[in-house]
Amino acid sequence: MGRIVGIDLGTTNSCVAVLDGDEPLVIHNQEGGRTTPSMVSWNAEGEAVVGASSKRQMVTNPKRTVFGVKRLIGRKVSDPSVQAVIRTSPYRVVAARNGDAWVDIDGTARSPQEISAHILAKMKKVAEDYLGEPVTEAVVTVPAYFDDVQRQATKDAGAIAGLTVRGILNEPTAAALAYGVHHQHNQRLAVFDLGGGTFDISILAIENGVFEVLATHGDTTLGGDDFDRVIIDLLADGFAAQHGLDLRVDTVALQRLKEAAERAKIELSSAMSTDINLPFLAANSGGPLHLTRELQRGELERACRELLERLDAPCRQALSDAHCTAADIDQVLLVGGMTRMPAVQERALAIFKKAPSKGVNPDEIVAMGAAVHSGVMGGELQEVVLLDVTPHNMGVKVTGDRMSVIIPANTSIPVRAKKVFATTEDRQTFVAIEVFQGNHDGASKNRRLGRFVLGDLRPAPRGAAKVEVSFTLDANGILEVTAEEVSAGEGGPRKAASVQLEASSGLTADEISALGKQLLLR
Ligand code: AMP
């Protein structure tokens, strides 16, 4: 049997690691980098280019270069976070038949699963070149706060890339695993993970080799891209005030602004001020226009105040759900590139009242944890046991658009839970059940996972026919729903056929298989 590799499929960068003995080892890519930009572009010949080569040509090929596709995966175009991507992305986001957010490249609509599959295929190749053998299985990490649809879509991306995804692992849990294999004494950890697109906070207890996630919370619409966007707006608004031109409507200018914004943000993590210099960014009747400006760290922090404040609530909620206070936390792990920003570190310090752990590489620790998990699954690391939780309530919609919760947030997974529902009308012959995931009391404010109809009920007075709905949530956080009639009556309890959830998003098995074949032909 081949090796199971661990892949951190990041918003900005991806990383692959493998277990070497009982040590996780990060594998260099073909260009010598330990991480690979999560970027895919299509060249004029229609071939996909991935990673550093894609990043190199993004300014000259902005409409065919996709970055941050993780912000689109498993989401609808109508989602406010997708709308935010649309506003500042040079590439074109379009709605698929079912409303999912896809990307249009030269008239071909491509799903985020397909685009992510190109990145996964690149990481697979990196591992194969190093190991000298085919790699067909992987543990892939996702933000803890990813919902069922986003997890399923990530799994599908793996299938398109020719990888069986043996595990979908939450990123903060992965970080804790990588840290914990060397620090096995009993302790409580807070993993504060701010990456390119998402923020996750998890509270874990490590006790005698058992890694138990006590609570997890987060914000899937808060990450480094949002900080970049604040800088883009700052620069573009200044330019518009000076020259009366909006740079955001010109895709090449926008791409250059984006690059400059991210560079400035990164520089301001170590310097107090930085110069932004973008010659020939636009032109008017008077000739070419240039953007030259100094940006101070304080100015950046003031402009990002609202984003920084959004880090507090998920942390407080996670502490409360874990029945802890900041004083109970022994160690804070900072994960994700954005935690290099001093203002982010100060925020973590203010919340947890202790300095974060040093010596952890925030760009690599998640992939390393995925490799540790692959060792746990493969049986090489027998002394480690992992107990993770689901971040959201899962339930069905009942009268008055209320959410009847079947699996509450922060329940340990895997888990199976059931609830019995009664009919609401006389002689009702079928029930339509809508499944939702999310923490709002109002069902339709949550993520709709799908709907199914259970028919052929025995005619009975209202309330007498009963349907039992069962939810099975696997260790990857992926849900399977079944329902059966359990009414007692003439002839005793009777079971109607179980039905599968009809997903309202994602790709079909045929689409996945066809895309997989195309990718293989490259
Ligand atoms: P990740 O998804 O963990 O790779 O995080 C990537 C995000 O971290 C991007 O938004 C980067 O711009 C940001 N980032 C990387 N290095 C730094 C740094 N030194 N200071 C601030 N942000 C950074």
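The values are calculated or read from the model by the stated rules, or taken from the named source; none is laboratory data. Since we're looking at a predicted model, the values are computed, not measured. So basically every Cβ, Gly included, is an ideal-geometry build from the backbone, and we count neighbours across all protein chains shown. Side chains are part of the model used for accessible areas, which takes the heavy atoms of the whole protein and leaves out ligands, DNA and RNA. Shrake-Rupley method; radii C 1.70, N 1.55, O 1.52, S 1.80 Å.
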The chain - accessible surface per residue (Å², probe 1.4 Å): 42
Cut-off 13 Å (backbone N to label point 7 Å along Cα→Cβ of SER78), residues of the stretch 438-479: 444-449
Mean Cβ neighbour count within 10 Å, used as a protection proxy, ranking 294-302, 174-182 highest first: 174-182, 294-302
20 Å binning of all Cα-Cα separations within the chain, expressed as whole percents from 0 upward: 22, 53, 23, 3, 0
Residues with amide H under 5 Å from that of THR221, placed H, sequence gap 5 or more: PHE199
Rounded D (µm²/s) - the stretch 239-359, Kirkwood Rh over Cα pairs, Stokes-Einstein at 37 °C, 0.692 mPa s: 192
Rounded to whole Hz, the Karplus (6.51, -1.76, 1.60) HN-Hα couplings of the stretch 72-82, x for glycine and proline: 9, 4, x, 10, 8, 4, 6, 4, x, 6, 6
Alpha-carbon centroids, the stretch 207-278 and the stretch 376-398: separation in whole Å: 33
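At 0.36 nm per residue, and after removing the present C-alpha to C-alpha distance, how many nm does the segment from PHE430 to HIS243 gain when stretched out fully? Before the final figure, lay out the partial values.
Details: separation 187, 0.36 × 187 = 67.32 nm, distance 6.40 nm.
60.9 nm is the gain from fully extending PHE430 to HIS243.
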Violating pairs (Cα-Cα greater than 29 angstrom) within the set LYS125/LYS358; LYS155/LYS418; LYS418/LYS445; LYS55/LYS76; LYS70/LYS258; LYS76/LYS353: LYS125/LYS358; LYS76/LYS353
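What share of the DSSP beta bridges in the chain is antiparallel, in percent to the nearest 5? Before the final figure, lay out each step's value.
Details: 85 of 104 bridges.
The answer is about 80 percent antiparallel.
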Zone of VAL59's modelled label, taken as backbone nitrogen in the stretch 245-267 under 19 Å from a point 7 Å along Cα→Cβ: 247-267
Fully extended contour minus Cα-Cα distance, from GLU383 to ALA44, at 0.36 nm per residue: 116.9 nm
Centre separation in Å (Cα based) which lies between the stretch 118-191 and the stretch 74-112: 25
Placed amide H near LEU214: partners under 5 Å, 5+ positions off or other chain: ILE203, LEU204, ALA205
Distance (nanometres) between label positions extended 7 Å along Cα→Cβ at MET272 and ARG97: 6.0
The chain, accessible surface, carbon-and-sulfur percent (1.4 angstrom probe): 50
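With each run of n ≥ 4 DSSP H residues scored as -39500 (n - 2.57), what mean residue ellipticity at 222 nm is computed for the chain after dividing by its residue count and rounding to the nearest 500 deg cm²/dmol? Intermediate results must be reported in sequence, preceding the final value.
Numbers: 13 runs with 153 residues, N = 522.
That calculation yields -9000 deg cm²/dmol at 222 nm.
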Estimated FRET transfer efficiency when R0 is 35 angstrom, pair ALA350-ALA52 (beta carbons, to 0.05): 0.45
